[in-house]
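Visitor: Encoded as structure tokens, here's the structure I'll be asking about.
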Number of protein chains: 2
Amino acid sequence: MSVTAAQGFTAAGITAGIKESGTPDLALVVNNGPRRAAAGVFTSNRVKAAPVLWSEQVLKGGEVTAVVLNSGGANACTGPKGFQDTHATAEKVAEVLGQNAGEVAVASTGLIGVLLPMDKLLPGIEKAAAALSAHGGEKAAIAIKTTDTVHKTSVVTGDGWTVGGMAKGAGMLAPGLATMLVVLTTDADLDSATLDKALRDATRQTFDRVDSDGCMSTNDTVLLLASGASEVAPAYAEFAEAVRTVCDDLARQLIGDAEGASKDIRIEVINAATEDDAVEVGRSIARNNLLKCAIHGEDPNWGRVLSAIGTTGAAFEPDELNVAINGVWVCKNGSVGDDRDLVDMRYREVKITADLAAGSESAVIWANDLTAEYVHENSAYSS
Amino acid sequence: MSVTAAQGFTAAGITAGIKESGTPDLALVVNNGPRRAAAGVFTSNRVKAAPVLWSEQVLKGGEVTAVVLNSGGANACTGPKGFQDTHATAEKVAEVLGQNAGEVAVASTGLIGVLLPMDKLLPGIEKAAAALSAHGGEKAAIAIKTTDTVHKTSVVTGDGWTVGGMAKGAGMLAPGLATMLVVLTTDADLDSATLDKALRDATRQTFDRVDSDGCMSTNDTVLLLASGASEVAPAYAEFAEAVRTVCDDLARQLIGDAEGASKDIRIEVINAATEDDAVEVGRSIARNNLLKCAIHGEDPNWGRVLSAIGTTGAAFEPDELNVAINGVWVCKNGSVGDDRDLVDMRYREVKITADLAAGSESAVIWANDLTAEYVHENSAYSS
């Protein structure tokens, strides 16, 4: 049900012809109110795509009427013309819907450094507006795919209200904020400040903690729109938990569909002095190419975990570190632990537990293995 | 000529049986004086192998009589027993040579988390001592190979004095100090403080600026030994330049032999506000897996360069960045520049120039592409 699970939203996903493949490439999500409250988080990459620069401004107003998303081109590193194109895209949506362009968020994904074919995108907006439907969520989720093999949606239902969403992302997933394009909708009756808090709390613990390849996108955008159509104002904790659950579900789907991946790696750092330490260590493990290769080869090479931990500034003593792979403590006190042959790595999910023995904080980071397929997919992407 | 190019040194490389492959795995380098001055730099990884912990202490004394190096096992993450083994190794060398164990440096390379077979290593030291020769430099360089396909040596001759050296390293190459195992020797008549300064100046600009896979070793060791046998004390600048040249040559050989690599990538960051900024940006580009895949595919995907620059804290404005690949300025002012089809990437060396337009400092970082062969080699390494 995606972005149309909540009341008050319509959506569409159509083929505008931006992608040469002829597959769907334009999505439109419209908030029909009565509220138009919104919050957004964006990539922390300092090189930001034109739609990110635009939408950051839109979100400052706290109201979003519509989100237009395209695949087939990131509109990043495209200079003043790229920004003009984003502006024209928002204007076109506003014109077709009879709304204000200043409340139209724009998101793009695809190759960096290429201008969008506006002669196809603008007519596509008319086509998408004509296709808007209260059942259009799935089609919208399909239209934002790039190298994704499946579309990603999630829904959580509260007492009289709903949070739903869609995500796209299969590579260039790294913390530093959210991950690629995500639109969440809710019919809860909440203001933009509440949405903002719930969204930041959720992304910090979900999208910010997946790392498929250590590469941070120029286009990451996560939006949360509230229509208020349920006329229910849930308690903050309950609502925040629903948003976090949807984000967590979508983040896991992103990792599960990461480019070329054959393993999902759940890295749990325990007994850290601080949560920041736990996250830093988890990310360092998540980004270690040698370890990612070993996991691909079903090789419980725990030395690579220790060498990754050793590059961080976290509080720990090298001779107090413990590491388990799939529950077997192969490293104890910084040295050889239980027999590595006891580790069974046949399944897709691999659990790495790193015990820093320095406190009581913890964090979970999700990552993928590094495979020849990842190399193949990304060595031919733009050609 | 390797470590025996300079007068006053003997070396040997033999097969002790540490490696199951039966290839040479133990090297011994002896400084016969009259001086025994020495300097060393070691990995900045906080998880340090036993031989690193040992040799750091040895180098504090500023004198080294002999260096014993083994491949076939890193003796890292091996606990108190691993440290005892390193100590016993140094004691054995001291006994055989009739010297002090406190002046014997030890270096190991190979798999992390496995104890060394001391029943093979200790007899191997006797064998190596018996094979010591003023022409043993090549054999020593061969005995320290792990996944290296070639052994690496370099020599620079001054006016009556010489600096020579050997290196091993093919993966887990990343800045944070030196790179894997390197022994340099000279017959220049210099004290350990001078050696230390020359070595640190050299490694900062050479081994610290290669990055094959972003992974920092637990065992990196770079030693410089001076015998004084030439009875010549060269001027500092002249000597430092010779050491830098040998280090640069060895560092380039490491990149040229990196695991699975098909391209050597020379990343030059220009017009940076500070040298640190230039190095930070260069490393970020060097570690971007997506870019490394693109280079492998001979795809001048400059957007991935910009997205890597954007993750740094260096001084720059996104719309003032320029990027050239093999001399073609494919990105100008943060946007589309010259035609990417003009870029010829058929050759092994690929040059990326990143112009930050923020000052006048620069730095060069060397990296490799990411290939399916790298994945294959590192997914099966320990099994």
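The values are calculated or read from the model by the stated rules, or taken from the named source; none is laboratory data. Predicted, not measured: the structure shown is a model, and the values here were computed from it. Don't worry about glycine lacking a Cβ; one is built from the backbone with ideal geometry, like all the others, and counts go over all protein chains shown.
Visitor: Among (1) surrounded by fewer than 24 Cβ atoms within 10 Å (Cβ to Cβ); (2) within 30 Å of A:Gly303 (Cα to Cα), there is one condition B:Val336 misses while meeting the rest; what is its number?
Guide: (2)
Visitor: Would you mention how many residues in the range A:180-207 are closer than 14 Å to A:Arg252 by Cα, away from every other protein chain (no Cβ under 14 Å) and surrounded by 23 or more Cβ atoms within 10 Å (Cβ to Cβ)?
Guide: Matching residues across the range A:180-207 total 5.
Visitor: Determine if the range B:327-335 includes at least one residue that is at pLDDT below 95 and under 28 Å from the mean Cα position of the chain (by Cα).
Guide: no
Visitor: Among the numbered criteria (1) buried (at least 19 other Cβ atoms within 10 Å of the Cβ); (2) without any contact (Cβ under 8 Å) to a residue 40 or more places away in the chain, which single criterion is violated by A:Glu126?
Guide: All conditions are met except number (1).
Visitor: Right, another one. Out of the range A:93-119, which residues are free of Cβ contacts under 8 Å to residues at least 24 places away in the same chain and not aliphatic (A, V, I, L, M)?
Guide: Within the range A:93-119, A:Glu95, A:Gly98, A:Asp119 qualify.
Visitor: If we scan the range B:261-271, do we find a residue that is at pLDDT below 90 and outside any strand (DSSP E or B)?
Guide: There is at least one residue in the range B:261-271 that is at pLDDT below 90 and outside any strand (DSSP E or B).
Visitor: Test of understanding: among A:Glu373, A:Glu298, which residue is touching a residue at least 40 places away in the same chain (Cβ under 8 Å), outside the structural domain of A:Lys19 (by TED's automatic domain parsing), of a type outside the set (A, V, I, L, M) and not in a helix (DSSP H, G or I)?
Guide: On inspection, the qualifying residue turns out to be A:Glu298.
Visitor: Please go through the range A:41-92 and pick out each residue that is closer than 21 Å to B:Lys332 by Cβ and without any contact (Cβ under 8 Å) to a residue 24 or more places away in the chain.
Guide: The answer is A:Arg46, A:Gly79, A:Pro80, A:Gln84.
Visitor: Within the range B:120-160, can you find the residues that are touching a helix residue (DSSP H, G or I) at 6+ places or on another chain (Cβ under 7 Å), closer than 28 Å to B:Glu241 by Cα, outside any loop (DSSP other than H, G, I, E, B) and not β-branched (Val, Ile, Thr)?
Guide: Those that are touching a helix residue (DSSP H, G or I) at 6+ places or on another chain (Cβ under 7 Å), closer than 28 Å to B:Glu241 by Cα, outside any loop (DSSP other than H, G, I, E, B) and not β-branched (Val, Ile, Thr): B:Gly137, B:Glu138, B:Ala140, B:Ala141, B:Lys152, B:Ser154.
Visitor: Do you know which residues across the range A:354-378 are within 12 Å of chain B (Cβ to nearest Cβ) and surrounded by fewer than 24 Cβ atoms within 10 Å (Cβ to Cβ)?
Guide: A:Ala372, A:Glu373, A:His376, A:Glu377
Visitor: Still on this structure, please answer the following. Taking the condition under 23 Å from B:Met180 (Cβ atoms), away from chain B (no Cβ under 11 Å) and either of a type outside the set (Ser, Thr, Tyr) or touching a residue at least 12 places away in the same chain (Cβ under 8 Å) (or both), does A:Ile309 pass?
Guide: Judged against the criteria, A:Ile309 is not a match.
Visitor: Separate question: Do we find that A:Ala94 is under 27 Å from the mean Cα position of the chain (by Cα), away from every other protein chain (no Cβ under 12 Å) and crowded, with 24+ Cβ neighbours inside 10 Å in this structure?
Guide: Considered against the rule, which asks whether it is under 27 Å from the mean Cα position of the chain (by Cα), away from every other protein chain (no Cβ under 12 Å) and crowded, with 24+ Cβ neighbours inside 10 Å, A:Ala94 comes out as no.
Visitor: Note down all Cβ pairs under 7 Å where the first residue falls in the range B:330-352 and is facing another protein chain (nearest Cβ under 10 Å) and within 25 Å of B:Asn368 (Cβ to Cβ), the second is surrounded by 13 or more Cβ atoms within 10 Å (Cβ to Cβ) and acidic (Asp, Glu), and they're at least six residues apart or on different chains.
Guide: Pairs found: B:Val330/B:Asp338.
Visitor: For the range B:68-84, give me each residue that is assigned to a helix (DSSP H, G or I) and within 13 Å of B:Ile125 (Cα to Cα).
Guide: none
Visitor: Checking A:Glu298 against (1) of a type in the set (Asp, Glu); (2) within 14 Å of chain B (Cβ to nearest Cβ); (3) in contact with a Leu (Cβ under 9 Å, 6 or more places away or on another chain), which test does it fail?
Guide: (3)
Visitor: I would also like to ask the following. With crowded, with 21+ Cβ neighbours inside 10 Å, part of a helix (DSSP H, G or I), in contact with a Gly (Cβ under 9 Å, 6 or more places away or on another chain) and at pLDDT 90 or above as the only criterion, which of B:Leu254, B:Leu250, B:Leu290 stands out?
Guide: B:Leu250
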